[in-house]
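S.K.: The structure follows.
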Amino acid sequence: MEQAEIGLVGLGVMGAALALNIAEKGHRIAVWNRTGAVTEAFHAGAGALAARIVPTQSLTDLVAAIRPPRAVILMIPAGEAVDQQIAALRPLMGPDDLIIDAGNADFHDTERRAATAEAAGVPFLGIGVSGGEEGARHGPSIMGGGPKAAWERVRPVMEAIAARHQGTPCAAWMGPGGAGHFVKTVHNGIEYADMQMIAEAYGLMRDGMGMSAAEIADVFAAWNEGPLRSYLIEISAAVARASDPETGAAMLDVILDAAGQKGTGRWTAIEAQHLATPVPVIEAAVMARNVSARLNERRAGEAVFGPGPQPLGGALTLADLEGALIAGKILCYAQGFGMLAAASVAQGWGLDLSAAARVWRAGCIIRSDMLDPMAAALGEDPARNLILSPAFAALLQRHQGALRRVTASAALNGHGLPALSSGLAWFDLMRSARGTANMLQAQRDFFGAHGFQRLDGKPIPHGPWGKHM
Ligand SMILES: NC(=O)C1=CN([C@@H]2O[C@H](COP(=O)(O)OP(=O)(O)OC[C@H]3O[C@@H](n4cnc5c(N)ncnc54)[C@H](OP(=O)(O)O)[C@@H]3O)[C@@H](O)[C@H]2O)C=CC1
Ligand SMILES: O=C(CO)[C@H](O)[C@H](O)COP(=O)(O)O
(Lines give C-alpha, C1' and ligand atoms only; values in the text may rest on other atoms or scores of the structure.)
(Ligands and ions follow the chains in the order given, each with its own letter.)
Protein backbone atom coordinates (compact mmCIF):
# COMPACT_ATOMS: atom_id res chain seq x y z
CA MET A 1 0.00 0.00 0.00
CA GLU A 2 1.19 3.53 -0.78
CA GLN A 3 2.74 5.10 2.30
CA ALA A 4 1.31 8.23 3.90
CA GLU A 5 3.10 11.61 3.76
CA ILE A 6 2.21 12.52 7.32
CA GLY A 7 0.71 10.99 10.48
CA LEU A 8 -1.66 12.26 13.15
CA VAL A 9 -2.33 11.13 16.71
CA GLY A 10 -5.60 12.12 18.41
CA LEU A 11 -8.88 12.06 16.48
CA GLY A 12 -10.85 14.31 18.81
CA VAL A 13 -12.63 17.50 17.71
CA MET A 14 -9.48 19.16 16.34
CA GLY A 15 -7.48 16.13 15.20
CA ALA A 16 -10.32 14.63 13.17
CA ALA A 17 -11.04 17.95 11.45
CA LEU A 18 -7.35 18.59 10.77
CA ALA A 19 -6.87 15.07 9.33
CA LEU A 20 -9.80 15.59 6.93
CA ASN A 21 -8.40 18.99 5.94
CA ILE A 22 -4.97 17.46 5.23
CA ALA A 23 -6.53 14.63 3.21
CA GLU A 24 -8.72 17.06 1.29
CA LYS A 25 -5.64 19.05 0.24
CA GLY A 26 -4.34 15.91 -1.46
CA HIS A 27 -2.00 14.56 1.25
CA ARG A 28 -2.17 10.94 2.26
CA ILE A 29 -2.39 10.76 6.06
CA ALA A 30 -2.07 7.90 8.57
CA VAL A 31 -4.05 8.28 11.80
CA TRP A 32 -4.08 6.69 15.24
CA ASN A 33 -6.27 7.34 18.26
CA ARG A 34 -5.92 6.03 21.82
CA THR A 35 -9.43 4.57 21.65
CA GLY A 36 -9.30 2.36 18.56
CA ALA A 37 -13.05 2.42 17.91
CA VAL A 38 -12.80 6.17 17.32
CA THR A 39 -10.28 5.57 14.51
CA GLU A 40 -12.59 3.08 12.82
CA ALA A 41 -15.60 5.37 13.14
CA PHE A 42 -13.58 8.31 11.83
CA HIS A 43 -12.41 6.38 8.78
CA ALA A 44 -15.88 5.01 8.11
CA GLY A 45 -17.30 8.54 8.21
CA ALA A 46 -14.63 10.17 6.04
CA GLY A 47 -16.56 9.65 2.79
CA ALA A 48 -14.52 10.17 -0.37
CA LEU A 49 -11.53 11.32 1.72
CA ALA A 50 -11.26 7.84 3.31
CA ALA A 51 -9.15 6.76 0.32
CA ARG A 52 -6.39 9.14 1.44
CA ILE A 53 -6.62 8.16 5.13
CA VAL A 54 -4.78 5.16 6.57
CA PRO A 55 -6.38 4.07 9.87
CA THR A 56 -3.99 2.28 12.23
CA GLN A 57 -4.50 0.43 15.52
CA SER A 58 -1.04 0.71 17.05
CA LEU A 59 1.72 3.29 17.12
CA THR A 60 4.02 0.76 15.45
CA ASP A 61 1.55 0.47 12.55
CA LEU A 62 1.17 4.26 12.45
CA VAL A 63 4.91 4.79 12.09
CA ALA A 64 5.22 1.98 9.54
CA ALA A 65 2.43 3.56 7.48
CA ILE A 66 4.34 6.84 6.99
CA ARG A 67 7.06 7.43 4.40
CA PRO A 68 10.44 8.42 5.94
CA PRO A 69 11.55 10.96 6.94
CA ARG A 70 8.29 10.98 8.87
CA ALA A 71 6.25 13.75 10.42
CA VAL A 72 3.62 12.97 13.08
CA ILE A 73 1.22 15.58 14.42
CA LEU A 74 -0.05 15.23 18.00
CA MET A 75 -3.52 16.74 18.54
CA ILE A 76 -4.18 15.76 22.14
CA PRO A 77 -4.63 17.56 25.49
CA ALA A 78 -1.76 19.65 26.84
CA GLY A 79 0.57 18.35 29.54
CA GLU A 80 1.32 14.76 30.49
CA ALA A 81 -0.51 13.25 27.52
CA VAL A 82 1.95 14.93 25.15
CA ASP A 83 5.00 13.74 27.11
CA GLN A 84 3.59 10.20 27.17
CA GLN A 85 2.94 10.17 23.43
CA ILE A 86 6.40 11.52 22.65
CA ALA A 87 7.94 8.87 24.92
CA ALA A 88 5.91 6.14 23.19
CA LEU A 89 6.62 7.35 19.64
CA ARG A 90 10.31 8.24 19.78
CA PRO A 91 11.69 4.70 20.13
CA LEU A 92 9.67 3.71 17.05
CA MET A 93 10.99 6.56 14.93
CA GLY A 94 14.20 7.34 13.10
CA PRO A 95 16.56 10.24 13.88
CA ASP A 96 15.11 12.40 11.07
CA ASP A 97 11.51 11.76 12.03
CA LEU A 98 9.66 14.84 13.22
CA ILE A 99 7.13 15.05 16.05
CA ILE A 100 4.83 18.08 15.97
CA ASP A 101 2.79 19.04 19.03
CA ALA A 102 -0.09 20.96 17.42
CA GLY A 103 -2.33 21.17 20.49
CA ASN A 104 -2.31 24.06 22.91
CA ALA A 105 0.73 23.89 25.19
CA ASP A 106 2.33 25.80 28.02
CA PHE A 107 5.35 27.20 26.15
CA HIS A 108 7.66 26.17 29.02
CA ASP A 109 6.73 22.54 28.24
CA THR A 110 7.48 23.16 24.57
CA GLU A 111 10.84 24.73 25.41
CA ARG A 112 11.69 21.69 27.56
CA ARG A 113 10.61 19.22 24.85
CA ALA A 114 12.51 21.19 22.21
CA ALA A 115 15.67 21.14 24.33
CA THR A 116 15.33 17.39 24.95
CA ALA A 117 14.83 16.76 21.24
CA GLU A 118 17.77 18.96 20.31
CA ALA A 119 20.03 17.14 22.80
CA ALA A 120 18.94 13.83 21.27
CA GLY A 121 19.49 15.17 17.76
CA VAL A 122 15.88 14.60 16.70
CA PRO A 123 13.48 17.22 15.30
CA PHE A 124 10.50 18.60 17.23
CA LEU A 125 8.06 21.42 16.51
CA GLY A 126 5.49 23.08 18.76
CA ILE A 127 2.82 24.75 16.68
CA GLY A 128 -0.27 26.68 17.71
CA VAL A 129 -3.43 25.99 15.74
CA SER A 130 -6.48 28.22 16.06
CA GLY A 131 -9.92 28.23 14.55
CA GLY A 132 -11.83 25.62 16.50
CA GLU A 133 -13.37 22.65 14.70
CA GLU A 134 -14.50 24.64 11.66
CA GLY A 135 -11.08 26.25 11.28
CA ALA A 136 -9.23 22.95 11.63
CA ARG A 137 -11.51 21.44 8.97
CA HIS A 138 -11.44 24.24 6.41
CA GLY A 139 -8.50 26.51 7.25
CA PRO A 140 -6.98 27.32 10.62
CA SER A 141 -4.40 29.91 11.57
CA ILE A 142 -1.05 28.22 12.27
CA MET A 143 1.76 29.59 14.43
CA GLY A 144 4.91 27.50 13.98
CA GLY A 145 7.71 27.19 16.53
CA GLY A 146 10.94 25.19 16.67
CA PRO A 147 13.90 24.67 14.34
CA LYS A 148 13.33 26.63 11.12
CA ALA A 149 14.59 23.68 9.05
CA ALA A 150 11.97 21.38 10.59
CA TRP A 151 9.25 23.97 9.88
CA GLU A 152 10.40 24.19 6.26
CA ARG A 153 9.85 20.43 5.93
CA VAL A 154 6.16 20.71 6.79
CA ARG A 155 5.55 24.26 5.57
CA PRO A 156 3.95 23.14 2.27
CA VAL A 157 1.34 21.05 4.12
CA MET A 158 0.77 23.76 6.75
CA GLU A 159 0.29 26.43 4.10
CA ALA A 160 -2.00 24.17 2.09
CA ILE A 161 -4.35 23.50 5.01
CA ALA A 162 -4.25 27.02 6.53
CA ALA A 163 -6.81 29.78 6.11
CA ARG A 164 -5.99 32.44 3.53
CA HIS A 165 -6.17 36.19 3.85
CA GLN A 166 -6.45 37.66 0.34
CA GLY A 167 -4.57 34.63 -0.96
CA THR A 168 -1.80 34.64 1.67
CA PRO A 169 -1.73 31.53 3.88
CA CYS A 170 -2.21 32.23 7.59
CA ALA A 171 0.62 29.88 8.55
CA ALA A 172 4.07 31.09 9.47
CA TRP A 173 7.12 30.24 11.53
CA MET A 174 7.18 32.48 14.59
CA GLY A 175 10.55 31.54 16.06
CA PRO A 176 12.56 28.77 17.74
CA GLY A 177 11.62 26.60 20.74
CA GLY A 178 8.31 27.54 22.29
CA ALA A 179 7.75 30.70 20.21
CA GLY A 180 4.80 29.25 18.24
CA HIS A 181 3.00 28.03 21.34
CA PHE A 182 3.71 31.34 23.09
CA VAL A 183 2.11 33.30 20.23
CA LYS A 184 -0.89 30.93 20.41
CA THR A 185 -1.10 31.47 24.18
CA VAL A 186 -1.22 35.25 23.73
CA HIS A 187 -3.79 34.72 20.96
CA ASN A 188 -5.94 32.88 23.49
CA GLY A 189 -5.42 35.59 26.12
CA ILE A 190 -6.71 38.13 23.59
CA GLU A 191 -9.53 35.70 22.78
CA TYR A 192 -10.54 35.67 26.47
CA ALA A 193 -10.42 39.48 26.59
CA ASP A 194 -12.38 39.98 23.36
CA MET A 195 -15.04 37.51 24.54
CA GLN A 196 -15.27 39.14 27.97
CA MET A 197 -15.70 42.64 26.51
CA ILE A 198 -18.47 41.36 24.25
CA ALA A 199 -20.10 39.70 27.27
CA GLU A 200 -19.87 43.03 29.14
CA ALA A 201 -21.64 44.85 26.29
CA TYR A 202 -24.24 42.04 26.23
CA GLY A 203 -24.83 42.50 29.98
CA LEU A 204 -25.36 46.26 29.59
CA MET A 205 -27.89 45.64 26.82
CA ARG A 206 -29.68 42.86 28.74
CA ASP A 207 -29.71 44.28 32.27
CA GLY A 208 -29.15 47.99 31.69
CA MET A 209 -31.25 48.54 28.57
CA GLY A 210 -33.81 45.74 29.03
CA MET A 211 -33.19 44.28 25.59
CA SER A 212 -34.15 40.74 24.57
CA ALA A 213 -31.63 38.27 23.19
CA ALA A 214 -33.14 38.69 19.71
CA GLU A 215 -32.74 42.48 19.91
CA ILE A 216 -29.16 42.04 21.10
CA ALA A 217 -28.53 39.68 18.17
CA ASP A 218 -29.62 42.47 15.79
CA VAL A 219 -27.16 44.88 17.44
CA PHE A 220 -24.24 42.44 17.17
CA ALA A 221 -25.17 41.73 13.55
CA ALA A 222 -25.17 45.48 12.82
CA TRP A 223 -21.81 45.94 14.58
CA ASN A 224 -20.43 43.15 12.42
CA GLU A 225 -20.92 45.43 9.42
CA GLY A 226 -18.67 48.14 10.93
CA PRO A 227 -15.22 48.52 12.52
CA LEU A 228 -15.91 45.64 14.96
CA ARG A 229 -16.38 43.14 12.13
CA SER A 230 -14.90 39.91 13.47
CA TYR A 231 -15.57 36.23 14.01
CA LEU A 232 -16.39 36.70 17.71
CA ILE A 233 -18.96 39.47 17.05
CA GLU A 234 -20.43 37.36 14.24
CA ILE A 235 -20.87 34.28 16.44
CA SER A 236 -22.19 36.45 19.28
CA ALA A 237 -25.01 37.53 16.95
CA ALA A 238 -25.64 33.88 16.07
CA VAL A 239 -25.72 32.64 19.67
CA ALA A 240 -27.97 35.52 20.73
CA ARG A 241 -30.35 34.66 17.88
CA ALA A 242 -30.57 30.93 18.70
CA SER A 243 -33.56 29.37 20.50
CA ASP A 244 -33.59 26.45 22.90
CA PRO A 245 -35.17 23.45 21.11
CA GLU A 246 -36.46 22.22 24.50
CA THR A 247 -38.34 25.31 25.66
CA GLY A 248 -38.36 27.72 22.75
CA ALA A 249 -36.71 30.35 24.97
CA ALA A 250 -33.65 32.25 23.81
CA MET A 251 -30.71 29.84 24.09
CA LEU A 252 -28.64 32.42 25.97
CA ASP A 253 -31.38 32.67 28.60
CA VAL A 254 -31.14 28.98 29.50
CA ILE A 255 -27.33 28.70 29.70
CA LEU A 256 -25.79 28.74 33.18
CA ASP A 257 -23.56 31.82 33.66
CA ALA A 258 -20.45 29.90 34.79
CA ALA A 259 -17.60 29.91 32.24
CA GLY A 260 -15.31 26.95 31.66
CA GLN A 261 -11.65 27.25 30.79
CA LYS A 262 -8.86 24.91 29.81
CA GLY A 263 -6.11 27.21 31.05
CA THR A 264 -4.63 29.08 28.11
CA GLY A 265 -5.89 32.48 29.35
CA ARG A 266 -4.40 31.69 32.75
CA TRP A 267 -1.05 30.83 31.10
CA THR A 268 -1.13 34.25 29.42
CA ALA A 269 -1.80 36.07 32.69
CA ILE A 270 0.90 34.11 34.54
CA GLU A 271 3.51 34.71 31.85
CA ALA A 272 2.60 38.39 31.70
CA GLN A 273 3.39 38.64 35.40
CA HIS A 274 6.72 36.83 34.91
CA LEU A 275 7.57 39.26 32.12
CA ALA A 276 6.29 42.30 34.06
CA THR A 277 4.31 43.28 30.99
CA PRO A 278 0.90 44.84 31.61
CA VAL A 279 -2.06 42.93 30.13
CA PRO A 280 -4.85 44.08 32.47
CA VAL A 281 -7.68 43.44 30.01
CA ILE A 282 -6.59 39.81 29.63
CA GLU A 283 -6.06 39.41 33.38
CA ALA A 284 -9.51 40.90 34.01
CA ALA A 285 -11.03 38.42 31.57
CA VAL A 286 -9.39 35.48 33.36
CA MET A 287 -10.56 36.89 36.70
CA ALA A 288 -14.11 37.28 35.36
CA ARG A 289 -14.19 33.61 34.32
CA ASN A 290 -12.98 32.61 37.78
CA VAL A 291 -15.64 34.78 39.45
CA SER A 292 -18.32 33.42 37.12
CA ALA A 293 -17.64 29.90 38.38
CA ARG A 294 -18.24 30.96 42.03
CA LEU A 295 -22.00 30.71 41.73
CA ASN A 296 -22.81 30.16 45.40
CA GLU A 297 -20.69 33.09 46.55
CA ARG A 298 -22.31 35.34 43.93
CA ARG A 299 -25.76 34.28 45.06
CA ALA A 300 -24.81 34.96 48.69
CA GLY A 301 -23.44 38.37 47.63
CA GLU A 302 -26.70 39.28 45.91
CA ALA A 303 -28.65 38.20 49.01
CA VAL A 304 -26.60 40.50 51.25
CA PHE A 305 -26.01 43.54 49.02
CA GLY A 306 -28.96 43.34 46.61
CA PRO A 307 -28.66 42.71 42.89
CA GLY A 308 -25.81 44.47 41.10
CA PRO A 309 -26.90 45.59 37.66
CA GLN A 310 -29.60 48.27 37.59
CA PRO A 311 -31.36 49.83 34.58
CA LEU A 312 -29.24 52.52 32.96
CA GLY A 313 -32.20 54.85 32.49
CA GLY A 314 -31.17 55.92 29.02
CA ALA A 315 -27.70 57.01 30.15
CA LEU A 316 -26.03 55.15 27.29
CA THR A 317 -26.68 54.65 23.59
CA LEU A 318 -25.86 51.62 21.49
CA ALA A 319 -23.32 53.81 19.69
CA ASP A 320 -21.60 54.34 23.06
CA LEU A 321 -21.36 50.57 23.52
CA GLU A 322 -19.96 50.10 20.02
CA GLY A 323 -17.40 52.87 20.58
CA ALA A 324 -16.38 51.40 23.95
CA LEU A 325 -15.84 47.99 22.34
CA ILE A 326 -13.75 49.51 19.54
CA ALA A 327 -11.54 51.30 22.09
CA GLY A 328 -11.36 48.26 24.40
CA LYS A 329 -10.38 45.99 21.52
CA ILE A 330 -7.51 48.24 20.47
CA LEU A 331 -6.28 48.49 24.07
CA CYS A 332 -6.38 44.74 24.61
CA TYR A 333 -4.60 43.93 21.32
CA ALA A 334 -1.97 46.57 22.11
CA GLN A 335 -1.37 44.82 25.44
CA GLY A 336 -1.13 41.42 23.74
CA PHE A 337 1.40 42.67 21.18
CA GLY A 338 3.31 44.38 24.00
CA MET A 339 3.51 41.02 25.72
CA LEU A 340 4.83 39.35 22.57
CA ALA A 341 7.48 42.07 22.31
CA ALA A 342 8.54 41.57 25.94
CA ALA A 343 8.74 37.78 25.54
CA SER A 344 10.73 38.13 22.34
CA VAL A 345 13.36 40.15 24.17
CA ALA A 346 13.38 37.88 27.24
CA GLN A 347 13.66 34.69 25.16
CA GLY A 348 15.77 36.07 22.32
CA TRP A 349 13.19 34.83 19.80
CA GLY A 350 13.26 37.77 17.39
CA LEU A 351 9.46 37.61 17.03
CA ASP A 352 8.01 39.53 14.11
CA LEU A 353 4.88 41.12 15.65
CA SER A 354 3.54 42.06 12.24
CA ALA A 355 3.85 38.42 11.12
CA ALA A 356 1.86 37.32 14.19
CA ALA A 357 -0.86 39.85 13.33
CA ARG A 358 -0.83 38.63 9.73
CA VAL A 359 -1.43 34.96 10.62
CA TRP A 360 -4.33 36.06 12.85
CA ARG A 361 -6.11 37.86 9.99
CA ALA A 362 -8.02 34.73 8.97
CA GLY A 363 -8.80 31.26 10.30
CA CYS A 364 -8.36 31.94 14.01
CA ILE A 365 -10.89 32.76 16.71
CA ILE A 366 -9.70 36.38 17.06
CA ARG A 367 -9.73 37.12 13.34
CA SER A 368 -11.13 40.56 12.71
CA ASP A 369 -11.00 43.39 10.20
CA MET A 370 -8.77 45.35 12.58
CA LEU A 371 -5.90 42.87 12.30
CA ASP A 372 -4.90 43.94 8.80
CA PRO A 373 -4.27 47.59 9.80
CA MET A 374 -2.69 46.33 13.02
CA ALA A 375 -0.25 44.21 10.99
CA ALA A 376 0.53 47.31 8.90
CA ALA A 377 1.06 49.50 11.98
CA LEU A 378 3.33 46.92 13.62
CA GLY A 379 5.24 46.56 10.35
CA GLU A 380 5.86 50.33 10.18
CA ASP A 381 7.46 50.45 13.64
CA PRO A 382 7.57 47.22 15.67
CA ALA A 383 9.03 49.01 18.72
CA ARG A 384 6.13 51.50 18.95
CA ASN A 385 3.16 50.64 21.15
CA LEU A 386 0.17 49.99 18.90
CA ILE A 387 -1.87 52.72 20.61
CA LEU A 388 0.72 55.28 19.43
CA SER A 389 0.46 54.39 15.75
CA PRO A 390 -1.35 57.19 13.90
CA ALA A 391 -4.23 54.96 12.75
CA PHE A 392 -5.01 53.48 16.16
CA ALA A 393 -4.28 56.68 18.10
CA ALA A 394 -6.92 58.37 15.93
CA LEU A 395 -9.44 55.60 16.66
CA LEU A 396 -8.73 55.87 20.39
CA GLN A 397 -9.14 59.65 20.27
CA ARG A 398 -12.50 59.15 18.60
CA HIS A 399 -13.82 56.39 20.87
CA GLN A 400 -12.27 56.99 24.30
CA GLY A 401 -15.22 59.22 25.23
CA ALA A 402 -17.60 56.30 24.65
CA LEU A 403 -15.41 54.03 26.77
CA ARG A 404 -15.49 56.62 29.58
CA ARG A 405 -19.28 57.04 29.39
CA VAL A 406 -19.83 53.28 29.35
CA THR A 407 -17.51 52.44 32.25
CA ALA A 408 -18.72 55.40 34.33
CA SER A 409 -22.43 54.66 33.81
CA ALA A 410 -21.79 50.99 34.47
CA ALA A 411 -20.02 51.76 37.74
CA LEU A 412 -22.82 54.07 38.86
CA ASN A 413 -25.44 51.45 38.09
CA GLY A 414 -23.82 48.31 39.48
CA HIS A 415 -22.62 46.65 36.27
CA GLY A 416 -19.21 45.05 36.70
CA LEU A 417 -17.12 45.66 33.56
CA PRO A 418 -13.70 44.31 34.54
CA ALA A 419 -12.22 44.14 31.05
CA LEU A 420 -13.46 47.45 29.64
CA SER A 421 -12.73 49.40 32.82
CA SER A 422 -9.24 47.94 33.27
CA GLY A 423 -8.55 48.81 29.64
CA LEU A 424 -9.51 52.41 30.33
CA ALA A 425 -7.40 52.53 33.51
CA TRP A 426 -4.38 51.26 31.57
CA PHE A 427 -5.01 53.80 28.81
CA ASP A 428 -5.12 56.66 31.32
CA LEU A 429 -1.88 55.46 32.94
CA MET A 430 -0.29 55.21 29.51
CA ARG A 431 -1.15 58.85 28.74
CA SER A 432 0.15 60.26 32.04
CA ALA A 433 3.66 61.66 31.72
CA ARG A 434 3.63 62.42 35.45
CA GLY A 435 2.14 59.44 37.32
CA THR A 436 1.82 58.68 41.01
CA ALA A 437 4.62 56.14 41.52
CA ASN A 438 6.66 58.87 43.23
CA MET A 439 4.39 58.16 46.21
CA LEU A 440 5.21 54.44 45.99
CA GLN A 441 8.92 55.19 45.83
CA ALA A 442 8.71 57.47 48.86
CA GLN A 443 6.78 54.82 50.81
CA ARG A 444 9.31 52.14 49.83
CA ASP A 445 12.19 54.34 50.86
CA PHE A 446 10.45 55.22 54.12
CA PHE A 447 9.92 51.62 55.25
CA GLY A 448 12.76 49.85 53.50
CA ALA A 449 15.43 52.40 52.56
CA HIS A 450 14.97 51.29 48.95
CA GLY A 451 16.05 54.63 47.54
CA PHE A 452 14.67 56.60 44.60
CA GLN A 453 15.68 58.82 41.73
CA ARG A 454 15.02 62.58 41.90
CA LEU A 455 13.48 64.56 39.08
CA ASP A 456 16.30 67.12 39.32
CA GLY A 457 18.92 64.36 39.05
CA LYS A 458 20.64 65.31 42.32
CA PRO A 459 22.42 62.32 43.94
CA ILE A 460 20.32 62.22 47.13
CA PRO A 461 18.87 58.68 47.09
CA HIS A 462 16.89 58.80 50.36
CA GLY A 463 14.20 61.04 51.86
CA PRO A 464 14.34 62.95 55.14
CA TRP A 465 11.96 60.49 56.77
CA GLY A 466 13.90 60.06 60.04
CA LYS A 467 13.29 63.72 60.97
CA HIS A 468 9.52 63.20 60.95
CA MET A 469 9.20 59.89 62.82
N1 LIG B 1 -11.32 22.45 20.64
C2 LIG B 1 -10.77 23.58 20.21
O3 LIG B 1 -11.45 24.56 19.84
C4 LIG B 1 -9.29 23.72 20.15
C5 LIG B 1 -8.45 22.81 20.79
N6 LIG B 1 -7.10 22.98 20.69
C7 LIG B 1 -6.19 22.03 21.32
O8 LIG B 1 -6.17 20.84 20.53
C9 LIG B 1 -5.89 19.71 21.36
C10 LIG B 1 -7.01 18.69 21.19
O11 LIG B 1 -8.21 19.32 21.58
P12 LIG B 1 -9.64 18.74 21.16
O13 LIG B 1 -9.56 18.07 19.84
O14 LIG B 1 -10.60 19.85 21.36
O15 LIG B 1 -9.86 17.65 22.31
P16 LIG B 1 -10.84 16.40 22.35
O17 LIG B 1 -11.17 16.20 23.78
O18 LIG B 1 -11.95 16.53 21.38
O19 LIG B 1 -9.93 15.18 21.85
C20 LIG B 1 -8.81 14.79 22.59
C21 LIG B 1 -8.07 13.73 21.80
O22 LIG B 1 -6.89 13.41 22.52
C23 LIG B 1 -6.88 12.03 22.81
N24 LIG B 1 -6.27 11.83 24.11
C25 LIG B 1 -6.71 12.31 25.29
N26 LIG B 1 -5.85 11.97 26.27
C27 LIG B 1 -4.88 11.24 25.69
C28 LIG B 1 -3.73 10.60 26.19
N29 LIG B 1 -3.41 10.63 27.48
N30 LIG B 1 -2.95 9.93 25.31
C31 LIG B 1 -3.27 9.89 24.00
N32 LIG B 1 -4.35 10.48 23.47
C33 LIG B 1 -5.14 11.14 24.32
C34 LIG B 1 -8.31 11.58 22.78
O35 LIG B 1 -8.38 10.20 22.54
P36 LIG B 1 -9.59 9.27 23.05
O37 LIG B 1 -10.58 9.23 21.92
O38 LIG B 1 -8.98 7.97 23.33
O39 LIG B 1 -10.17 9.93 24.28
C40 LIG B 1 -8.84 12.43 21.65
O41 LIG B 1 -8.51 11.87 20.40
C42 LIG B 1 -5.77 20.28 22.78
O43 LIG B 1 -4.43 20.56 23.06
C44 LIG B 1 -6.57 21.57 22.71
O45 LIG B 1 -6.19 22.50 23.68
C46 LIG B 1 -6.53 23.99 19.97
C47 LIG B 1 -7.30 24.89 19.32
C48 LIG B 1 -8.74 24.85 19.37
O1 LIG C 1 -7.54 27.24 21.77
C2 LIG C 1 -8.74 27.33 21.65
C3 LIG C 1 -9.33 28.37 20.80
O4 LIG C 1 -8.36 29.24 20.28
C5 LIG C 1 -9.60 26.35 22.37
O6 LIG C 1 -10.94 26.37 21.99
C7 LIG C 1 -9.46 26.53 23.84
O8 LIG C 1 -10.01 25.40 24.47
C9 LIG C 1 -10.19 27.76 24.33
O10 LIG C 1 -9.82 28.02 25.64
P11 LIG C 1 -10.79 27.75 26.87
O12 LIG C 1 -11.22 26.29 26.79
O13 LIG C 1 -9.93 28.03 28.05
O14 LIG C 1 -11.95 28.69 26.72
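The values are calculated or read from the model by the stated rules, or taken from the named source; none is laboratory data. Please read these numbers as outputs of a predicted model, since none were measured by experiment. Ideal geometry is used to build each Cβ from the backbone, glycine not excepted, and the neighbour counts take in all protein chains shown. When the accessible area is computed, the model is the full protein with side chains, heavy atoms only, and any ligands, DNA or RNA have been set aside. Shrake-Rupley method; radii C 1.70, N 1.55, O 1.52, S 1.80 Å.
S.K.: Given a 1.4 Å probe and the protein chains all in place, what does the accessible area of residue 184 round to, in Å² to the nearest 10?
M.R.: We get 10 Å² for residue 184.
S.K.: Using Cα centres only, tell me the gap between segment 65-80 and segment 96-146 in whole Å.
M.R.: Rounded to whole Å, the Cα centres lie 10 Å apart.
S.K.: Further question: Could you work out how far helix 80-89 tilts from the main Cα principal axis of the chain, as a 0 to 90 degree angle to the nearest 10?
M.R.: Approximately 20 degrees, to the nearest 10.
S.K.: Count charges around residue 240 for me, please; just the other residues with Cβ under 14 Å from its Cβ, Lys/Arg as +1, Asp/Glu as -1.
M.R.: Combined, the nearby Lys, Arg, Asp and Glu give -3.
S.K.: Quick check: net charge around residue 263, other residues with Cβ under 11 Å of its Cβ, Lys/Arg +1 and Asp/Glu -1?
M.R.: Cβ neighbours under 11 Å give a net charge of +2.
S.K.: Output ³J(HN,Hα) for segment 112-123: one whole-Hz value per residue in order, computed from phi by the Karplus curve 6.51 cos²θ - 1.76 cosθ + 1.60 with θ = phi - 60°, and x for Gly and Pro.
M.R.: So the J values, rounded to whole Hz, are 5, 5, 5, 5, 4, 5, 4, 4, 7, x, 10, x.
S.K.: Something else now. What figure in square angstrom, to the nearest 10, would you give for the accessible area of residue 90 with a 1.4 Å probe?
M.R.: Accessible area, nearest 10 Å²: 50 Å².
S.K.: To make sure I understand the rule: partners must be lysines, Cα under 26 Å from the Cα of residue 148, and not fewer than 8 residues away in the same chain. Which ones qualify?
M.R.: Here the lysines satisfying the reach criterion relative to residue 148 are 25, 184.
S.K.: So what's the projected area for segment 298-417, the Cα convex hull averaged over all directions, in nm²?
M.R.: Taking the Cα atoms of segment 298-417, their convex hull projects to 10.0 nm² on average.
S.K.: Looking at the chain only, what percent of DSSP beta bridges run antiparallel? Nearest 5 please.
M.R.: That works out to approximately 25 percent antiparallel.
S.K.: A further question on this structure: Give the angle, between 0 and 90 degrees and rounded to the nearest 10, that separates the Cα long axis of helix 295-305 from the longest principal axis of the Cα atoms of the chain.
M.R.: 10
S.K.: Let me check I've understood the local charge: for residue 168, count other residues with C-beta under 9 angstrom from its C-beta, Lys and Arg +1, Asp and Glu -1. What total comes out?
M.R.: Computed value for this residue: +3.
S.K.: Here is a follow-up. Between residue 97 and residues 5 or more places away or on another chain, which pairs have amide H atoms under 5 Å apart, with H built 1.01 Å from N, and which residues are they?
M.R.: Close amide H contacts, sequence-distant or interchain: 70.
S.K.: Give me a comma-separated list of calculated 3J(HN,Hα) values for segment 191-198, in order, Karplus coefficients 6.51, -1.76, 1.60 applied at θ = phi - 60°, integers in Hz, x for any Gly or Pro.
M.R.: Those phi angles translate into 4, 4, 5, 4, 4, 5, 5, 5 Hz.
S.K.: Would you calculate a helix-derived [θ] at 222 nm for the chain, using -39,500 (n - 2.57) for each DSSP H run of n ≥ 4 and dividing by the full residue count, to the nearest 500?
M.R.: -17000 deg cm²/dmol
S.K.: Looking at segment 185-430 from every direction and averaging, what is the projected area of its Cα convex hull in nm²?
M.R.: That works out to 13.5 nm², a quarter of the Cα hull's surface.
S.K.: Using only Cα atoms, find the angle between the long axis of helix 264-275 and the longest principal axis of the chain, and express it within 0 to 90 degrees, rounded to the nearest 10.
M.R.: With rounding to tens, the tilt is 60 degrees.
S.K.: Ok, one more. Apply the Karplus parameterisation 6.51 cos²θ - 1.76 cosθ + 1.60, with θ equal to phi minus 60°, to every residue of segment 327-335 and state each ³J(HN,Hα) to the nearest whole Hz, in sequence, with x for glycine and proline.
M.R.: 3J(HN,Hα) across segment 327-335, in whole Hz: 5, x, 5, 4, 5, 5, 5, 4, 5.
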